[in-house]
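*Asks:* Submitted below is the structure of interest, expressed as structure tokens.
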Amino acid sequence: MADAELDDKGRVVIPVPIRRELGLGPGQKLDVSVVEGRIVLSRKRTQAEVLARLKGIMGKGPRAERLDPLRVKDMWTEKLPEPPRRRRARR
């Protein structure tokens, strides 16, 4: 876990090792949410990434799995599993 600080304009700098691990660069769009009192930042997928993933799911040819458009929508909006909760050491 890395430390970050909130500045007077509400900005937070994400440490370099984390940006590298997630492939984040300047101008990268992020989703921001609150989960159980924690701020969660998630890398926003581009339209090209979404389409590439759907192509992989849809497959090719007559033996390809047929997907209902509503199932694809459900897959897109599924709630991701929450990360394990860490216990804080008492001081």
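The values are calculated or read from the model by the stated rules, or taken from the named source; none is laboratory data. The structure displayed is predicted, hence computed values, not measured ones. Cβ coordinates were reconstructed from backbone atoms using ideal geometry, including for glycine residues, and neighbour counts include every protein chain displayed.
*Asks:* Provide a single number: the residues in segment 3-22 that are touching a strand residue (DSSP E or B) at 6+ places or on another chain (Cβ under 6 Å) and farther than 11 Å from Leu41 by Cβ.
*Replies:* Within segment 3-22, residues that are touching a strand residue (DSSP E or B) at 6+ places or on another chain (Cβ under 6 Å) and farther than 11 Å from Leu41 by Cβ number 1.
*Asks:* What are the pairs, 6+ residues apart or on separate chains, where a residue within segment 39-54 that is touching a residue at least 12 places away in the same chain (Cβ under 8 Å) has its Cβ under 6 Å from a residue that is β-branched (Val, Ile, Thr)?
*Replies:* Leu41/Val32
*Asks:* Hey, among Leu41, Leu54, which residue is within 24 Å of Val72 (Cα to Cα) and not in a helix (DSSP H, G or I)? I'd like the intermediate steps shown before the answer.
*Replies:* Working: Leu54 fails: not in a helix (DSSP H, G or I).
Residue meeting the stated conditions: Leu41.
*Asks:* How many residues are over 22 Å from Arg85 (Cα atoms) and modelled with pLDDT of 90 or more if we restrict to segment 26-63?
*Replies:* Final tally of qualifying residues: 1.
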